[in-house]
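Heads up, the thing below is written out as structure tokens.
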Amino acid sequence: MSKLAGKKRPLDAGEKAILATKKKIKGTDEVLAQVDKLCSLAKKEPARAKTLAELHLPQACREVIEKDADAVLDEVEASLYTVAASILRGEGFSYDVPLRTKGNQMYVPELDRIVLKDACGQRPFANTQTNRKAVITTRVLGLVHELCRKRIHVTKRDLFYTDVKLFQDQLQSDNVLEDVACMLGCTRSSLHVVASEKGVVVGRLTFREDGDLINCQRMGVGGKAVPPNVDKVTEIRSDAMFILLVEKDAAFMRLAEDRFYNTYPCIILTAKGQPDVATRIFLKRLRDVLRIPVLALVDADPYGLKILSVYMKGSMNMSYDSSNLTTPDIKWLGVRPSDLDRFNIPEQCRLPMTDEDIKTGKRLLEEEFVQANPAWVRELEIMVTSKVKAEIQALSSFGFQYLSQVYLPLKLQEGDWI
């Protein structure tokens, strides 16, 4: 019999590093001790955030509110009466449309989010550059009036198909829909137009959706689709200690299959990339109702940080509705540029940044909300200087369950979030 029979293969350097890291992880209670402290702080925060009106800003800003169908009907009819009166006076018609460009936006540190200033632009029909948009605006107002009158909801895609010849491209109907919401002073969901289902949730959460009881621990690996009509979600209940916001579907499925939420009580949520409106509203709703912290797991690249910034500070396109869509106090758990060396991510799993990646990273460094967080600045500087990025999946080089069994428990145990 060979002398080598029964002998274990010696561990290589990488395997030794993984084993050493695993040994650092303590019992569940000790892993969650720092999370518990963060949770206590979250529950002590004021239940209601300040409003723009309470800040008395020197610059007038525009913000929308949730309105019921009758209120939206009144706003639409008032807009069209104004148009009709203008036509009868022989003055033609024009819409006052709030400008949603970057130049008309500002970051408000007290609210820690982007808001829309109050400047408006004219959209006259008797102008070759704007007459088509004026017609589309009128058509969308009519469609919204019909939806609110009938008390029905449709998707943005449905809206586009009502008049393909006029709209030509869904981007055109989508953009005018945002203009209309801003004009009428209401959220987009108030218009009875919803986005298609994209986000999914799993873990220690129950709620009623239009009266039906949903238990997110019994939704399998795929999770429960985030309701497109978040206003129909009621009776939100959970014993979770935190919400884990995940950028990608692959990481979500890994954590769901490993039942990560059973060992570490949490709710796991993803929008499978760029966040949609329903997922953003749902996240804010969970955070406000449950009063628990939100920890984010995104790729260590500029795109991952842009996605995180949309959840936290809002997007340019919908800055008018940032109060209903943003969750400013999200903590960046990982994957961070400093983690690449700390966790010995193999060189072959580190990707070179493109010129566009580097430009995006530098632009992020110039953003006010980034400059307000020195830890974010340090991480972005590491990324831009090293010109290296990595995906969450790079952790799979140590084993498929490294994310759920080693990386996340250690980050939680150390309270390693910024």
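Wholly within segment 277-370, which helices (runs of 4 or more DSSP H) include no fewer than the required count, namely at least 2 residues that are more than 16 Å from VAL388 (Cα to Cα)?
Correct list: 277-290, 302-313, 322-325, 355-366.
Residues checked against (1) surrounded by 14 or more Cβ atoms within 10 Å (Cβ to Cβ); (2) more than 25 Å from ASN324 (Cα to Cα); (3) not aliphatic (A, V, I, L, M):
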{"site": "LEU143", "(1), (2), (3)": "yes, no, no"}
{"site": "LYS156", "(1), (2), (3)": "yes, no, yes"}
{"site": "LYS165", "(1), (2), (3)": "no, yes, yes"}
{"site": "GLN168", "(1), (2), (3)": "no, yes, yes"}
{"site": "GLU178", "(1), (2), (3)": "yes, no, yes"}
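For (1) at negative phi; (2) under 21 Å from the mean Cα position of the chain (by Cα), each residue gets a yes or a no:
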{"site": "ASN317", "(1), (2)": "yes, yes"}
{"site": "LEU333", "(1), (2)": "yes, yes"}
{"site": "LYS359", "(1), (2)": "yes, no"}
{"site": "LEU364", "(1), (2)": "yes, yes"}
{"site": "PRO374", "(1), (2)": "yes, no"}
{"site": "LYS387", "(1), (2)": "no, no"}
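Let's see how each residue does on (1) crowded, with 24+ Cβ neighbours inside 10 Å; (2) assigned by TED's automatic domain parsing to the domain that holds ALA69; (3) touching a residue at least 60 places away in the same chain (Cβ under 8 Å):
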| position | (1), (2), (3) |
| --- | --- |
| GLY222 | no, no, no |
| ASN229 | no, no, yes |
| ARG259 | no, no, no |
| ILE268 | yes, no, yes |
| THR279 | yes, no, yes |
| PHE282 | no, no, yes |
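Looking at segment 101-142 only, could you name the residues that are among the polar types (S, T, N, Q) and either in contact with a Cys (Cβ under 8 Å, 6 or more places away or on another chain) or assigned to a loop (DSSP other than H, G, I, E, B) (or both)?
THR101, ASN127, THR128, GLN129, THR130
Could you check segment 176-189 and list, in sequence order, the residues that are more than 12 Å from LEU141 (Cα to Cα), outside any loop (DSSP other than H, G, I, E, B) and within 19 Å of the chain's Cα centre (by Cα)?
Correct list: ARG188, SER189.
Which residues, counting only those in segment 65-96, are loosely packed, with under 13 Cβ neighbours inside 10 Å and among the basic types (Lys, Arg)?
Within segment 65-96, ARG89 is the sole residue that qualifies.
Do you know which residues across segment 365-411 are exposed (fewer than 14 other Cβ atoms within 10 Å of the Cβ), farther than 20 Å from MET353 by Cα and of a type in the set (D, E, K, R)?
Of everything in segment 365-411, just one residue is exposed (fewer than 14 other Cβ atoms within 10 Å of the Cβ), farther than 20 Å from MET353 by Cα and of a type in the set (D, E, K, R), namely GLU368.
Take LYS389 and decide whether it is in contact (Cβ under 8 Å) with a residue 12 or more places away in the chain and basic (Lys, Arg).
yes
Quick check, is ASP341 surrounded by fewer than 22 Cβ atoms within 10 Å (Cβ to Cβ), more than 21 Å from TYR264 (Cβ to Cβ) and not assigned by TED's automatic domain parsing to the domain that holds TYR107?
Yes: the conditions hold for ASP341.
The values are calculated or read from the model by the stated rules, or taken from the named source; none is laboratory data. This is a predicted model, so every value here is computed, not measured. Note that we place each Cβ from the backbone using ideal geometry, even for glycine, and neighbour counts take in every protein chain shown.
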